[in-house]
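Q: Right, I'll just put the structure down here and ask away after.
What follows is calculated from the coordinates using simple rules that are stated; it is not laboratory data. Since the structure is predicted, the reported quantities are computational estimates derived from the model, not experimental observations. In this analysis, Cβ positions are derived from the backbone assuming ideal geometry, glycine residues included, and neighbour counts consider all displayed protein chains.
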Amino acid sequence: MNVNRVKQILSSTKDIDVKYNGASVWIDQLNEDGRTATVHLRGPLEERSTVEIGELIEE
């Protein structure tokens, strides 16, 4: 995924399915470096991770 698509997803009101390592995640924010994003797994767990945006896949 590229930085422009991450920005579009963050500003969208739609539920857009994004995967990281095969797991569905929510994108919380694009980080200031422009290469990483903070995400968390969909569901009850609120554990957040910083991942490379190139590893995010839109389903």
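Q: Report, by residue number, each residue of the range 11-42 that is over 13 Å from residue 57 (Cα atoms) and either in contact with a strand residue (DSSP E or B) (Cβ under 8 Å, 6 or more places away or on another chain) or in contact (Cβ under 8 Å) with a residue 12 or more places away in the chain (or both).
A: 28, 29, 30, 31, 34, 35, 36, 38, 40, 41, 42
Q: For the range 43-54, what are the residues that are closer than 19 Å to residue 4 by Cβ and out of contact with any strand residue (DSSP E or B) (no Cβ under 8 Å at 6 or more places or on another chain)?
A: 54
Q: Can you name every one of the strands (runs of 3 or more DSSP E) wholly within the chain that holds 1 or more residues which are among the aromatic types (Phe, Trp, Tyr) and surrounded by 11 or more Cβ atoms within 10 Å (Cβ to Cβ)? Break it down stepwise before answering.
A: Working: elements: 18-20, 23-30, 36-41, 48-52, 56-58.
Result: 18-20, 23-30.
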